[in-house]
């Protein structure tokens, strides 16, 4: 099966799928079991061998962030050479002790890999508000640094928490100037048992880019992928995306070139499919919805979020129920909270579900029994599409979301402390 | 058992509980079965006999509202004499046909009760985006108008949807100028099967008030009760509060008098307990949490809402898990979204659960095993209290919320269309 499974992602023509655990030339990775999780791999190291490596990063927008995010934000984010990751404990809300642990992991990796500490990003995911065992983490970093190889298989495993399986891909991208490789490993924003969601994505390419170009591509593609998904509307303390470009392919991607455009298309498709994989693997999730909202530029985003995060919409998606009343209700709530937009107070909505018009000008269209049966049949697939038009113009956005199931509640209501 | 069950509501000393289905002097009510619901009472009429009756009302802030809300907003909201209510179909998103039906109910009631159409409020709750059978509604109004009596029992039943039972109370309030009665009937914001939540509350008193005074008391008390609760964060298209004062007691409540203060205290306690009853009866709900947030005036409300609506916090409440990491996460998400407040970006939070400090200055306090066991025991009751301090000052708010259970998902995921 192709990595590009979703109908909402087009595989670019100039992209060929390689072994998903492969890495671009010049990168090495490892994942080891350090005892932070009860079992399984839990410490990972990724390194780019070239001193010319450039990098870009994006982090959670939460005001409460883990120590690894604080330490990473203070690193040299345009010239990172390595990323140290761990799973099982997110190192959040542990005060100075947590910061010291994150800095120790950074320093240990730097020394073992022969780079500066500020060239090492740090990422951790797992339970929060508990002490991360520093000794185990540092021992794991040392073991992983000694086990580096040209494959991301163990790294992709070592970042997982309650993901049902690893999320990784490697593409060969044919640019006008020559072929390059582009790979990524991610972990899900599925709800984490016993605590909550974190998203990681590590991206590697052997293309040579200027840091500004890589930052631009990373920013745009993250906005179109991981910024567009929700499992339960809960923002993690620890979301981290690291993107490293080592240049070993010898193919230079000049700013505003056709090469940049093609590489951007590949990165966009890669991250969008990764993001959809994360949604589809949300805790308890069985189906993925997409809501597209068009209309007032200031209103489309809150309306789309309100729909995608509504437990009523999400339970209806779970039950394969084309319940358009719930879409109207969620949109009405978001619109009612807006002042000063043409859309505020405007109930004149149009709604299509799976391409069928169900609400026009704010009123149900009056489906026949046959049409209703057809609509019900249309929403039984793994992906369901909702298109909503609100008053005003100039805006269009989309949000991908998972359904809400009993399993989600079970996973998150279990006694954990 | 006293009506004032919650520890978060104090029963005022000058209040005595009467038969909960009683009405103040000068009010009559009825509830009948009109076939809008598959079975049970579904059409109600409430009328105040005095031509001097004054009234106040509050409605949903959604931009998508039912036809009854549109018609009621256009009524004489300071001198309503009657309210017509129905359950089973909310008459939402049905275009001109729905508006015509709501106006027909208003006109029919007015004629039968001998008041002006604009003195009749209209309220409907139930499925949305479906045609409300007009003939059944009008026949029900006629039957109810012929069955009016001095008791709110059938009215309180006729507004229910998936509520587990009626919500009504009648109090004798001893004012300095003499005794008055104050009664209310409510239906829940519990999730409605097959569709979503609506809140109704009808309030009656035989005190004599100026319309401005009644409006002021209604506004303040609604803000401290129904505006402070959430089941699943979903705002209805149809929420309606109607408050009628008929004056039959002969006790006049002058503006800014001790009488007004005492009546306000009684109304406040009545509506807060009603609101807590609505939360406790939320679909699938088993427990109620309260989050109090203190700090920056612009930040306390979004932070409290983020905590109260977080599915992670709600599943933890369901599981009797004192999971303070989830409170920090929700607060961090809300604070991160704020610009220009002293609290934005501030992770220096203090958190108490059931009076026990668990986070100080953003870091866990390091509970001993014994302290943790005590905390776990403390969160097993029907009500759990969270107190959160964020940076800044000048603000304090509270939100009451229900837990999130598998039953909620089951109730809302069933096939309904």
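For residue A:118, the label point sits 7 Å beyond Cα toward Cβ; its separations from the matching points on the remaining copies run 7.2 nm, from shortest to longest.
Under the definition of partner shielding as Cβ atoms of other protein chains within 10 Å of a residue Cβ, what is the mean value for peptide A:244-257? It would help to have the intermediate numbers written out before the result.
Values: counts 0, 0, 0, 0, 0, 0, 0, 0, 0, 0, 0, 0, 0, 0.
Taking the mean over all residues of the peptide, I get 0.
Helix B:324-336 and the longest principal axis of the Cα set of chain B meet at an angle near 70°. Ranked by the mean number of other Cβ atoms within 10 Å per residue, highest first, peptides A:314-320, B:221-227 order as A:314-320, B:221-227. For the rotation that carries chain A onto chain B, the axis lies closest to a Cβ at A:406, 2, where the number is the distance in whole Å.
Does the stretch A:346-400 classify as rounded, prolate or oblate by the C-alpha gyration tensor (a ≥ b ≥ c root eigenvalues; a/c under 1.5 gives rounded; else a/b over b/c gives prolate, otherwise oblate)?
Working: a/c = 3.93, a/b = 1.33, b/c = 2.96.
Because a/c hits 1.5 or more and a/b fails to exceed b/c, the stretch A:346-400 counts as oblate.
Can you give the mean number of other chain Cβ atoms that lie within 10 Å of the Cβ atoms in peptide A:312-319?
Numbers: counts 10, 3, 4, 9, 9, 1, 5, 9.
Taking all residues of A:312-319 together, the mean is 6.
Considering only alpha-carbon pairs that sit under 8 angstrom and 6 or more positions apart, the relative contact order computed for the stretch A:288-413 is 45 percent. How far is helix A:95-113 tilted off the main Cα axis of chain A, in degrees rounded to 10, range 0 to 90? Relative to chain A, helix A:95-113 is tipped by roughly 60 degrees.
If you take the square roots of the eigenvalues of the alpha-carbon gyration tensor of the stretch A:288-413 and sort them as a ≥ b ≥ c, do you get rounded (a/c under 1.5), prolate (a/b over b/c) or oblate?
Details: a/c = 2.04, a/b = 1.23, b/c = 1.65.
The shape class here is oblate.
Tell me the angle of helix B:369-378 to the major Cα principal axis of chain B, expressed in degrees between 0 and 90 and rounded to the nearest ten. Here the helix axis deviates by roughly 0 degrees.
Once a ≥ b ≥ c are taken as the square roots of the eigenvalues of the Cα gyration tensor of chain B, is the result rounded (a/c under 1.5), prolate (a/b larger than b/c) or oblate (a/b not larger than b/c)? Taking the square roots of the gyration eigenvalues as a ≥ b ≥ c, chain B is prolate.
Which whole number gives the average, over all residues in B:224-237, of C-beta atoms from other chains lying within 10 Å of the residue C-beta? Don't skip to the answer; put the middle values down first.
On the way: counts 0, 0, 0, 0, 0, 0, 0, 1, 5, 8, 10, 8, 3, 7.
Other-chain Cβ atoms within 10 Å of each residue's Cβ, averaged: 3.
Sorting A:242-248, B:367-373 by average packing, meaning the other beta carbons within 10 Å per residue, from highest down gives A:242-248, B:367-373.
Only helical runs count toward this figure. For chain B, summing -39,500 (n - 2.57) over DSSP H runs of n ≥ 4 and dividing by all residues gives -9500 deg cm²/dmol at 222 nm. Between this copy and the others, label points of residue A:355 are 6.3 nm apart in ascending order, each placed 7 angstrom from Cα in the Cβ direction. Across the identical copies, the label point of residue B:38 (7 Å from Cα in the Cβ direction) is separated from its matches by 4.3 nm, in order from shortest. Note on the protein assembly as shown: Cα-only Rg and Dmax are 29.2, 93 Å.
Here the stretch B:15-280 carries DSSP beta bridges of which approximately 70% are antiparallel, counting only pairs with both residues inside.
Laboratory data are not the source of any read-out in this text; all were calculated from the coordinates shown. The shown structure was predicted, so the numbers you read here are calculated from the model rather than taken from an experiment. Cβ coordinates were reconstructed from backbone atoms using ideal geometry, including for glycine residues, and neighbour counts include every protein chain displayed.
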